[in-house]
Amino acid sequence: MKYSQEALEKMADQIDLLEYASKTQDFTKHSGNTYYCLCPFHTEKTPSLAVNTDENFFFCFSCGKNGNIYTWIQLIEHLTFSQAVQKV
């Protein structure tokens with residue numbers, strides 16, 4: 001299936017990344033609309049992965065992994081981009 005960039009963005013905006021990621025991670029509110037958790041992509045003792053609810057985007061300040069709901073699903077569930085889009 002092929003989707004336009006606009007359609008992909010619209011679909012991604014309809015999923016709350018924090019709500020989805022909270023199924024597997026424990027987040028704490030940091031400041032404003034930013035929530036932190038231990039990064040599931042590497043071993044750490046101090047939370048470095050942030051989700052910004054305004055942007056619906058995640059970023060790990062330690063390992064640098066970042067992205068939107070599609071990237072999160074790809075990394076957590078070991079899926080291809082196409083599979084992540086179908087899941088959304």
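The values are calculated or read from the model by the stated rules, or taken from the named source; none is laboratory data. Just so it is clear, the model here is predicted, and its values are computed rather than measured. Cβ placement follows ideal geometry from the backbone for every residue including glycine, while neighbour counts extend to all protein chains displayed. Protein only, heavy atoms only, side chains kept; ligands, DNA and RNA dropped before computing areas. Shrake-Rupley method; radii C 1.70, N 1.55, O 1.52, S 1.80 Å.
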**OP:** Only one of these is among the aliphatic types (A, V, I, L, M) and farther than 15 Å from Ala84 by Cβ: Leu8, Leu17, Leu49. Name it.
**Re:** Leu49
Subject >> Count of residues meeting criterion [over 16 Å from Gln14 (Cα atoms), surrounded by fewer than 17 Cβ atoms within 10 Å (Cβ to Cβ) and of a type outside the set (Phe, Trp, Tyr)] in the range 50-64 >> reply: 3
**OP:** Filter the range 76-88 for residues that are part of a loop (DSSP other than H, G, I, E, B) and open to solvent by 70 Å² or more (accessible area, probe 1.4 Å) and give the result.
**Re:** His78, Thr80
Original post:
Which condition number does Ile73 fail, the rest of (1) open to solvent by 50 Å² or more (accessible area, probe 1.4 Å); (2) without any contact (Cβ under 8 Å) to a residue 60 or more places away in the chain; (3) under 20 Å from Ser4 (Cβ atoms) being met?
Top reply: (1)
Original post:
Of (1) surrounded by 11 or more Cβ atoms within 10 Å (Cβ to Cβ); (2) at pLDDT below 95, Ser4 satisfies all except one. Which?
Top reply: (1)
Original post:
Taking Tyr35, is it part of a strand (DSSP E or B) and open to solvent by less than 90 Å² (accessible area, probe 1.4 Å)?
Top reply: yes
Original post:
What are the pairs, 6+ residues apart or on separate chains, where a residue within the range 1-28 that is over 27 Å from Thr43 (Cβ atoms) has its Cβ under 7 Å from a residue that is among the hydrophobic types (A, V, I, L, M, F, W, C) and open to solvent by less than 90 Å² (accessible area, probe 1.4 Å)?
Top reply: Tyr3/Val85; Leu8/Val85; Met11/Val88; Ala12/Ile69; Ala12/Val88; Ile15/Ile69; Ile15/Val88
